[in-house]
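Please treat every number below as a calculation from the coordinates, not as lab data. Values in this document were obtained by computation on a predicted structure and should not be read as measured data. Ideal geometry is used to build each Cβ from the backbone, glycine not excepted, and the neighbour counts take in all protein chains shown.
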Amino acid sequence: MFSLRGCGPCVAASFTKKHLPLLRFIGDSAAPLSTNFDVVVIGGGHAGTEAAAAAARCGSRTLLLTHRVDTIGQMSCNPSFGGIGKGHLMREVDALDGLCSRICDQSGVHYKVLNRRKGPAVWGLRAQIDRKLYKQNMQKEILNTPLLTVQEGAVEDLILTEPEPEHTGKCRVSGVVLADGSTVHAESVVLTTGTFLRGVIVIGLETHPAGRLGDQPSIGLAQTLEKLGFVVGRLKTGTPPRIAKESINFSILNKQTPDNPSIPFSFINETVWIKPEDQLPCYLTHTNPRVDEIVLENLHLNSHIKETTRGPRYCPSIESKVLRFPNRLHQIWLEPEGMDSDLIYPQGLSVTLPAELQEKMITCIKGLEKAKMIQPGYGVQYDYLDPRQITPSLETHLVQRLFFAGQINGTTGYEEAAAQGVIAGINASLRVKRKPPFVISRTEGYIGVLIDDLTTLGTNEPYRMFTSRAEFRLSLRPDNADSRLTFRGYKEVGCVSQQRYERASRMKTSLEEGISVLKSIEFSSSKWKKLIPEASISIGKSLPLRALDVLKYEEVDMKLLAKAVPEPLKKYIKCRELAERLKIEATYESVLFHQQQQIKEVQRDEALQLPKDLDYLTLRDVSLSYEVREKLQFSRPETIGAASRIPGVTPAAIINLLRFVKTSQQRQMAVHELPRTDQSLCDTDRLEERQL
Amino acid sequence: MWRGLWTLVAWAARGPRSPRSCTRQGSGAPAPGSGATIFALSSGQGRCGIAVIRTSGPASGHALRSLTAPRDLPPARSACLRLLSHPRSGEPLDRALVLWFPGPQSFTGEDCAEFHVHGGPAVVSGVLQALGSVPGLRPAEAGEFTRRAFAHGKLSLTEVEGLADLIHAETEAQRRQALRQLDGELGHLCHGWAKTLTKALAHVEAYIDFGEDDNLEEGVLERADSQVRELELALSAHLRDARRGQRLRSGAHVVVAGPPNAGKSSLVNLLSRKPVSIVSPEPGTTRDVLEIPVDLAGFPALLSDTAGLREGVGPVEQEGVRRARERLQQADLILAVLDASDLASPSSRNFLDTVVAPAGAGSPNESSQRLLLVLNKSDLLPPGGPGPSPNLPPHLLLSCLTGEGLDDLLEALRKELAEVCGDPSTGPPLLTRARHQHHLQGCLDALGHYRQTKDLALAAEALRLARGHLGRITGGGSTEEVLDIIFRDFCVGK
């Protein structure tokens, strides 16, 4: 029989009641041992690590609570990071000085950019990652982050107190209760508990609770959330079996080699830790009709597939592929799990058949005839909280200062979790400092698209990022994430290091200068043709052509251009990144002009804030249908822009809301004109708080 | 899904134009990031000698110069007589008064221009089409002028109170107008095109998002390419052909409806002063929709006589009932006719519940329609009797036989039609067609871009833009719809 310990997302995210000694890992020797923290983050997965590190970067004394320190940074499913859309998210996390991109640059074993021939806006940075190295490097980073303390412990309950009167929400979180009965006080709490909520592992007809056998996963916390009135849904996902590397016949399979040179994930790295020639290959194989037969003959032994819990519209498992797209060969990528790992991860073979049948199925695949299965694939079913119950800063509507990030919000994927983690950590910290929230709009980044989709539309399948979700795809590119987010992160919240900020500033200056130089160089088309015979420039246009226009041709890059016009272009090819980014800016220049216009229009809507304390159900003097009221009440959009994206909210309803925006703006202005009154009001409030 | 106030036409806002013209400074094109410039007819249809067309937005000055080229802008806020001509063809359009209102001292707070042209539909639609060809300009959405004025603080809060109602009314009017326009061949075509285009877009998007990690079958992109090419051919053929075909039915659509044998046809004959419809005491005499252009109380109207609404009759009459219901959806004004002496019958009650009540009781936010309730055959009521039930909504008594009550009805019609016709958004179908042509042309231009682009992200952008233009006519094309097609057509996942 196979052991389920330590093998999956559920375990990484589960909570144990078992009493563990309260180990303390002090990252910052100056920080006093204390059970009072500014921010407490629960969970050490991809959302939790980013949240904790971000809060600490913002200057908050932060505690990361995890059930086992040695699972921090565990990659519980696929041994890879990035991809199309997901690579975009990683670049944005990095632009805010997040961790995962830098750690990946230290831990990868096979770096490859996807979509190379489809245009730089949709390039997908991706790498196979060594699980062990990633975990080690992440733990080193987390345990050495100033202001960040790590503690082992299982969280049983939240401590709730009276709400702050100036904010909405029926109560405020002020700490957590651990399994041993001790308490930790916190100004903000971030919950990144992955699939712990009633998580269940499924193999064949067997099911196990997500915690270790006999342990119910953190019932207390789940019950508290439910009692508070959070709306809960259920999702399912799965992971493939693992195969012994030496039992695979790679010689008859298609080999995929990594890129040379490797493109790093992080803006601050020129290169990755490992040379291309030392990296590991991946291999491609396919399913065949025999695999279909095994799946179809044994559906009755497969409760994960039979049950009605809603899976995604896409095909997460081999069973769904066979059922929905029969008589096809499906791809299986054989991916290394690490430099010195004996395991291979067959991507595309996620399966929940009984273990014996999984092995039987594997051995009928080409190259895997003699494969030894080390660990079976399994399904996971878990509860998630409807993400329409959180704000764009990831704070819950119901409980003040309680933040949710990661799979608990219905997303899937490390990158989606990391992206939410950074935002939750930053905002948990800002909330403590009583500063306005840090929100990324969908015009500024994939992070914004992700969070706006979740908070306005909700989701009923594990939400995964695709570039097709981003309407401003040509503006939100992997290459320019720093110019979109690094400055905001530095100036507004201080989550970005001085070094990164200066690097981004230098790049920005060079880019702007380069573009204006490229615009200033003008020759006739026939002269350009002579200078760069490789380019398919059509002669005969009477207008002179700018160097920037010539750079738009697919076959022209900065090197060619600098060869043709060495002065003043020579200096722009010294830096690979700068040369590449100039080329990309030229490619999209004409379209970006129009996109910028649309972005401004969206931002105008988003600048119109809706009052947070509106009770839409009882709002008087407004003509809104009951259906619209209910939708607004549930999602609580923060801006007119977000409200207009909620399906079923009509233009007329939006106008009525606009009226409220304007009236409340006028009210605010009146308050600002009378600062003294304002001050005295605050004092009264505080007085009352004390009396409470 | 409704997408944002100023983003309504996020994709459609971008007209066809060369990349260079926009990147150069001083070409008269609007500065980046200042939003689109909108135009619309702002006077009503009907008997007007002068029609007023307005623009608002940063390209207003550019538009004014383009149509009056090569003249300079007129002095601010004073009327000047100018010859308007089409900026591309140079074809003269009209001699008109033009006014130039530089922002912020204008109705919307933005740069505005006004063209006071001679009111004929041909001139009006010519000028609108000319404006549509100016880069950076697009037709305004319902209520968009007022919304802009509001956004720039040009309206007081009390004025805004009525804005939601206004926008609702305009949206409804445009919806009915679009229903009429899309009822028939053009509608079939547009929906077919939209479906093909969404699918092509979904396949290109799938190729971008899943082309490398998952195995899409061979030839996805090639199939999308050939679909786009077919679509281009169909669209350009249609646009070349657009001058003929559609019969244009001008005027407010007034639909006479009611249960069988209430006297609908008699009322139609009375109002049109000629025996258009066959009248008989037998219920179900009228089986198809009859249309008569008439002059009602001084307004151009299209009067439709419909089959009496009842269930459980023969297939021919059933079809008539179906058409009657369809026509009710498209009506600007419903004349609901009941037999005053037969109000308790099931068919009368049913009609009151299903047609009269929803229209009359609607708050401004529900989809309400204008409706006049007419109780015919008042001559059959006992003289001096208690009259019809007091529970009825406001109504008029009429006898088509004696003509008693006709003056009151005409007065009520005059009031209603003045409202309907005073609303520019219900404008003649010619204008709706101009709007459609604008978007079809935009769609076609974007498809041309798709074909010429090698960068797949740019090519997909062109398809999104094209779909956005069609979406202004048919709706749909959301991200979710695209993802649905991707996951239905391809086996993609982990």
Under a Cβ-Cβ cut-off of 9 Å, what is the net charge of the residues other than B:Gly35 that fall near it, where Lys and Arg count +1 and Asp and Glu count -1? +1
Only residues of the stretch A:100-119 count here: report those whose backbone N is under 19 Å from the spot 7 Å along Cα→Cβ of A:Gln136, or say none. A:100-111
Please work out how much length the chain gains when fully extended from A:Thr271 to A:Ile539, using 0.36 nm per residue of separation minus the C-alpha to C-alpha distance, in nm with one decimal. 92.4 nm
As straight-line cross-link partners of A:Lys508, the qualifying aspartates and glutamates (C-alpha separation under 13 Å, not fewer than 8 residues apart within one chain) are A:Asp479, A:Asp482, A:Glu577, A:Glu585
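Which of the pairs A:Lys527/A:Lys571; A:Lys529/A:Lys574; A:Lys366/B:Lys199; A:Lys140/A:Lys372 have their Cα atoms more than 30 Å apart in this structure?
Where the Cα-Cα span goes over 30 Å, the pairs concerned are A:Lys366/B:Lys199; A:Lys140/A:Lys372.
Contour minus end-to-end for A:Glu502 and A:His185, with contour as 0.36 nm per residue of separation and end-to-end as the Cα-Cα distance? Don't skip to the end; give the middle numbers.
Values: separation 317, 0.36 × 317 = 114.12 nm, distance 3.66 nm.
Gain in length upon complete extension: 110.5 nm.
Suppose a student asked you for the relative contact order of chain A, using Cα pairs under 8 Å spaced at least 6 residues apart; what percent would you report? Show your work: numbers first, answer last.
Numbers: 1486 pairs, mean separation 110.0, N = 692.
Relative contact order for chain A comes out at 16 percent.
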What average count of beta carbons from other chains do you get within 10 Å of the Cβ of residues in A:468-475? 5
For the stretch A:608-669, what relative contact order do you get, as a whole percent, if you take Cα pairs closer than 8 Å and at least 6 residues apart? 42
In deg cm²/dmol, rounded to 500, what helix-only [θ] at 222 nm does chain A give when every DSSP H run of at least 4 residues adds -39500 (n - 2.57) and the total is split over its residues? -11000 deg cm²/dmol
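What is the average number of partner chain Cβ atoms found within 10 Å of a Cβ in A:646-658?
Working: counts 2, 4, 2, 2, 7, 14, 14, 4, 6, 13, 6, 1, 7.
So the per-residue partner count for this stretch is 6.
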Expressed in angstrom and rounded, the centroid-to-centroid distance over alpha carbons for the stretch A:324-354 and the stretch A:513-573 is 47
What FRET efficiency comes out for the pair A:Gln331/B:Ser226, r = Cβ-Cβ distance, R0 = 30 Å, nearest 0.05? 0.70
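Under a Cβ-only charge scheme (Lys and Arg +1, Asp and Glu -1), can you give me the dipole magnitude of chain A about the Cα centre, in debye to the nearest 20? Please list the in-between numbers first.
Details: 88 positive and 80 negative charges, 308 e Å.
The dipole of chain A has a size of about 1480 debye.
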What FRET efficiency comes out for B:Cys80 versus B:Thr402 if R0 is 45 angstrom and r is the Cβ-Cβ distance? Round to the nearest 0.05. 0.20
Using only atoms on other chains, find how many Cβ atoms lie within 10 Å of each Cβ of peptide B:201-213 and report the average. 6
Starting from the Cα of B:His191, move 7 Å in the Cα-to-Cβ direction to define the label point; list residues of the stretch B:456-494 whose amide nitrogen is under 17 Å from there. B:470-478
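If we count every other residue with Cβ under 15 angstrom of B:Ser226's Cβ, Lys/Arg +1 and Asp/Glu -1, where does the sum land? Before the final figure, lay out the partial values.
On the way: positive: B:Lys199, B:Arg223, B:Arg229, B:Arg451; negative: B:Glu218, B:Glu222, B:Asp225, B:Glu230, B:Glu232.
Counting the neighbours of B:Ser226, the net charge comes to -1.
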For the pair A:Lys170/B:Ser89, report the inter-label distance in nm, with labels modelled 7 Å from Cα in the Cβ direction. 6.7
Specify which residue in the list A:Ile305, A:Ser101, A:Leu125 is farthest towards the positive end of the charge dipole of chain A, using unit charges on the beta carbon of Lys, Arg (+1) and Asp, Glu (-1), about the Cα centre. A:Leu125
What whole-number distance in Å separates the alpha-carbon centres of the stretch B:308-335 and the stretch A:375-418? 51
Burial-style ranking of A:640-649, A:414-423, average other-beta-carbon count within 10 Å with highest first, yields A:414-423, A:640-649
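Quick one: net charge around A:Ser341, please, counting Lys, Arg +1 and Asp, Glu -1 for every other residue with C-beta under 15 Å from its C-beta.
Numbers: positive: A:Arg131, A:Lys132, A:Lys135, A:Arg242, A:Lys245, A:Lys372; negative: A:Asp130, A:Glu246, A:Glu335, A:Glu337, A:Asp340, A:Asp342.
Every neighbour counted, the sum reads 0.
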Potential extension, A:Thr257-A:Arg234 segment - 0.36 nm per residue separation minus Cα distance: 4.4 nm
